[in-house]
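Worksheet for the structure shown next.
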Amino acid sequence: MSSHWSATVVVLAAMARPDVCDAFTANTFQQIRSTVSLFASPSVGIFFGTSTGSTEDVAHLIAAEFGEASSEPIEIDGLKGSVSAAFAKYDSLVVGTPTWNTGADTERSGTGWDEIYYSEMQKLNIAGKKVAVFGLGDSVSYAENYADGSGELHDVFQSLGCNMIGYTSQEGYQHKSSKASRGESFCGLLLDAVNEEELTEERVKNWVAQLRDEGILETSGEAEPAEAKPAAPSPPKIELAATVVFEDQALAEEIISEVKKSRSGYMAHYNPRTDKTMWVSTDGRSSYVTAGAPGYE
């Protein structure tokens, strides 16, 4: 455990309610503002299939470049029967595969992708989701069929109506042909861990930067904020909890104490699925959310 003392408190609720705000000094709120950090769920899910571990290694490099914006790499072999739920957790997907059935027309990955391409995945409702493909192959020994499996991975997602991004140039590669070619480009990031391993990290770094530029972290379909209109004064509803990391344990305990006092006249509604508690005032005019079950016990 770090030397920082952590406490989950309803800072937003405290800031929004005068009876709680009055309990804190301006200096206290300045400390809150300088230490508070709101943690959102990752928006990019990274999924891969692998046989030798090389594709998994690349998936981890990609995740490291995205940082907290992406999930930890998830192997597709363990998701049979739950692919829809797994994909639904993320706004965008980065998916990767090796190629083993070189030259074949279908099922070219040699991984769990082959088992769901034309069965479970065909039932997915993911049209419009941003998807980027990466893949590994041997551009020298299999120069005529370099990373063919990546092309199939791309085409399955494209056929489901996904917004395919992350196309890359074929310049600098040693292959002669590939089913992953789309015109003058590859359908995603292709890598060669056998003959061009020294280029992998730079290629991954540049590709993730490209995906950011192409808007992979942007949530599509969000409504524009409505123009503010005058309304009768009422306590604002707070529907987010904040995780605060304090150097000062006494300060954190003070804040927790005041927030607990502010709950008078509120009823707790705990959601075990999200592990969050919504506190709703008895008059139904205000609410706020805390992490975990009711109470700080």
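The values are calculated or read from the model by the stated rules, or taken from the named source; none is laboratory data. Since this is a predicted model, take the numbers as computed values, not measurements. Neighbour counts are summed over all protein chains in view; Cβ atoms, including those assigned to glycine, are modelled from backbone coordinates with ideal geometry.
Condition check: in the same structural domain as Thr50 (by TED's automatic domain parsing) and over 19 Å from Gly45 (Cβ atoms). Does Gly96 satisfy that?
no
Quick one: in region 148-167, which of the residues that are surrounded by 16 or more Cβ atoms within 10 Å (Cβ to Cβ) and among the hydroxyl-bearing types (Ser, Thr, Tyr) is nearest to Gly128 (Cα to Cα)?
Checking each candidate, the answer is Tyr167.
How about region 154-175: which of its residues are under 15 Å from Leu191 (Cα atoms) and in contact with a helix residue (DSSP H, G or I) (Cβ under 6 Å, 6 or more places away or on another chain)?
Once the filter is applied, which keeps residues that are under 15 Å from Leu191 (Cα atoms) and in contact with a helix residue (DSSP H, G or I) (Cβ under 6 Å, 6 or more places away or on another chain), region 154-175 yields only Gly166.
For region 154-167, what are the residues that are in contact with a Gly (Cβ under 8 Å, 6 or more places away or on another chain) and either assigned to a loop (DSSP other than H, G, I, E, B) or at pLDDT below 95 (or both)?
Result: Gly161, Cys162, Gly166, Tyr167.
Between Asp105, Asp148, which is free of Cβ contacts under 8 Å to residues at least 24 places away in the same chain and more than 15 Å from Phe48 (Cα to Cα)?
Asp105
Filter region 209-237 for residues that are basic (Lys, Arg) and surrounded by 12 or more Cβ atoms within 10 Å (Cβ to Cβ); which is modelled with the lowest pLDDT?
Ranking the qualifying residues of region 209-237, first place goes to Lys237.
Looking at Gly103, Gly110, Gly151 in this structure, which one is touching a helix residue (DSSP H, G or I) at 6+ places or on another chain (Cβ under 9 Å), under 25 Å from Trp207 (Cα atoms), in the same structural domain as Val208 (by TED's automatic domain parsing) and not aromatic (Phe, Trp, Tyr)?
Step by step, each of Gly103, Gly110, Gly151 is checked, and only Gly110 is touching a helix residue (DSSP H, G or I) at 6+ places or on another chain (Cβ under 9 Å), under 25 Å from Trp207 (Cα atoms), in the same structural domain as Val208 (by TED's automatic domain parsing) and not aromatic (Phe, Trp, Tyr).
Tell me, which residue of region 168-208 that is assigned to a helix (DSSP H, G or I) and in contact (Cβ under 8 Å) with a residue 40 or more places away in the chain is surrounded by the most Cβ atoms within 10 Å (Cβ to Cβ)?
Among those residues, the one meeting the criterion is Val208.
Could you tell me which numbered condition Tyr142 fails, if it satisfies all but one of (1) at pLDDT 95 or above; (2) surrounded by 16 or more Cβ atoms within 10 Å (Cβ to Cβ); (3) under 30 Å from Ser119 (Cβ atoms)?
(1) is the only condition that Tyr142 fails.
Does Ser92 meet the test of being among the hydroxyl-bearing types (Ser, Thr, Tyr) and within 14 Å of the chain's Cα centre (by Cα)?
When the stated conditions are applied, Ser92 passes them.
I'm trying to understand the selection: among the residues of region 106-131, which are part of a strand (DSSP E or B) and among the aliphatic types (A, V, I, L, M)?
Val131
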